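Take a look at the structure set out below.
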Amino acid sequence: MIDNEALVDSWLREESTWQQQFRGWDFSQLTSSGRISFNMSEELLGWDYKKIICQTLAKLSDANDNNKDDEIYLLDLGTGGGEYLEEILPRLPIRGKKLTVYATESYRPNFLLAKQRLTPYGVIVIQTDSDSLNSLLPFTNDGPKFDLIISRHTCYNTREVGRLLKFGTGTFITEQVDGTSNRDLIELFDHKPQWPYFTLGYASLTLKHQAPFMKLVRAQESET
C-alpha cells in the first residue's frame with residue numbers, strides 16, 4: 001500500500017508533467033487515464049451538444065435552400081484552443097453550402113493556439129478583450145450576420161448575440177454550467193460561488209428582456 005506522502009509526491013510529479021504538456025482545453029491527459037470521460041458526461045447530462053449543433057445546422061441548410069442562400073455563417077464564442085470546433089467541423093452537415101466560420105477567444109495563449117489550429121480550416125479567429133455578461137463582440141452592425149452562434153461554457157452578452165444573429169432565422173445554442181454547481185466543493189475550500197445568480201432561470205429571463213425578438217425554443221438542465 002502506498003503511504004500518503006508517496007501518493008502526494010506521485011501526484012505532484014504528475015501535475016508537473018501535465019503542466020508542461022497542457023495546452024488550450026486539451027484534457028487528453030485525464031481522459032486517456034480513464035479518470036474522466038466526456039462522452040459519459042454528455043450521456044449523464046441528457047443531451048448531446050454536438051448532435052444538437054449538427055441537427056440545427058442541417059435544418060438551417062435546408063431552409064437556406066428555399067432562400068437560395070449559398071453561404072452559412074457560424075460563430076463560436078470562447079473557442080478556447082479551438083479543440084472542440086476542430087473536432088466538429090468535419091461533421092457539420094452544410095448540404096454543399098459554403099460555410100464561413102468565425103471564432104472568438106479572450107485568453108491570449110488560447111487565442112494563439114486556436115489561430116494556429118483553426119486557420120488551416122479557413123476559420124477566422126478573433127481575440128476579444130474579455131468574457132463577461134456585458135462584453136461587446138468585435139463585429140460592426142454592417143458586418144456578418146450569423147445563421148448559428150454557439151457558446152460552450154463561455155459567458156455571453158445576450159444583447160450582442162441578438163444583434164449578430166440573422167433576424168428571423170438565426171439560432172443560438174449554448175451549454176452552460178449553473179452558477180451554484182459544486183457549491184459543496186467550493187465551500188470546502190472556504191470560498192463562495194463566483195456567479196451564484198447564473199441559473200437556467202436567469203439565462204431564460206435575460207433572453208426574454210434583453211432580446212425579446214429571440215424565441216426560446218428549448219431550455220434544459222441536468223442535476224449531474
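The values are calculated or read from the model by the stated rules, or taken from the named source; none is laboratory data. Everything quoted here is computed from the prediction, not taken from an experiment. Ideal geometry is used to build each Cβ from the backbone, glycine not excepted, and the neighbour counts take in all protein chains shown.
Numbers for the structure displayed
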read-out: Any hit, region 184-206, residues being on the phi > 0 side of the Ramachandran plot and free of Cβ contacts under 8 Å to residues at least 40 places away in the same chain; value: yes
read-out: Residue in region 183-204 that is surrounded by the fewest Cβ atoms within 10 Å (Cβ to Cβ), counting only those that are within 20 Å of His153 (Cβ to Cβ) and among the aliphatic types (A, V, I, L, M); value: Leu185
read-out: Per-region count, region 174-224, residues more than 19 Å from the chain's Cα centre (by Cα), modelled with pLDDT of 90 or more and aromatic (Phe, Trp, Tyr); value: 2
read-out: Yes/no for Leu133 being at pLDDT 90 or above, of a type in the set (A, V, I, L, M), within 20 Å of the chain's Cα centre (by Cα) and part of a loop (DSSP other than H, G, I, E, B); value: no
read-out: For Ile36: the one exception among (1) surrounded by fewer than 16 Cβ atoms within 10 Å (Cβ to Cβ); (2) under 15 Å from the mean Cα position of the chain (by Cα); (3) at pLDDT below 85; value: (2)
read-out: Any hit, region 54-64, residues being part of a helix (DSSP H, G or I), exposed (fewer than 11 other Cβ atoms within 10 Å of the Cβ) and either of a type in the set (Ser, Thr, Tyr) or modelled with pLDDT under 60 (or both); value: no
read-out: Candidate set from region 85-117 (those that are part of a helix (DSSP H, G or I) and charged (D, E, K, R)); member that is farthest from Asp70 (Cα to Cα); value: Arg108
read-out: Unique match (being more than 26 Å from Tyr202 (Cβ to Cβ), surrounded by 13 or more Cβ atoms within 10 Å (Cβ to Cβ) and within 18 Å of the chain's Cα centre (by Cα)) among Thr100, Thr128, Thr104; value: Thr100
read-out: Which numbered condition Gly82 misses (of (1) more than 19 Å from Gly170 (Cα to Cα); (2) surrounded by fewer than 16 Cβ atoms within 10 Å (Cβ to Cβ)); value: (2)
read-out: In region 146-170, residue nearest to Leu89 (Cα to Cα) [restricted to those that are in contact with a strand residue (DSSP E or B) (Cβ under 7 Å, 6 or more places away or on another chain) and basic (Lys, Arg)]; value: Arg152
read-out: Residue in region 148-161 that is surrounded by the fewest Cβ atoms within 10 Å (Cβ to Cβ), counting only those that are modelled with pLDDT of 95 or more and assigned to a strand (DSSP E or B); value: Ser151
read-out: Checklist (1) modelled with pLDDT of 95 or more; (2) out of contact with any Lys or Arg (no Cβ under 6 Å at 6 or more places or on another chain); (3) charged (D, E, K, R) applied to Lys145, failing item; value: (2)
read-out: Residue that is farthest from Leu136 (Cα to Cα), among those in region 66-111 that are among the hydroxyl-bearing types (Ser, Thr, Tyr) and without any contact (Cβ under 8 Å) to a residue 40 or more places away in the chain; value: Tyr107
read-out: Verdict on Thr180 being surrounded by 15 or more Cβ atoms within 10 Å (Cβ to Cβ) and either touching a helix residue (DSSP H, G or I) at 6+ places or on another chain (Cβ under 7 Å) or among the β-branched types (Val, Ile, Thr) (or both); value: no
read-out: Unmet requirement for Phe213, which otherwise passes all of (1) assigned to a loop (DSSP other than H, G, I, E, B); (2) surrounded by 11 or more Cβ atoms within 10 Å (Cβ to Cβ); (3) of a type in the set (A, V, I, L, M, F, W, C); value: (2)
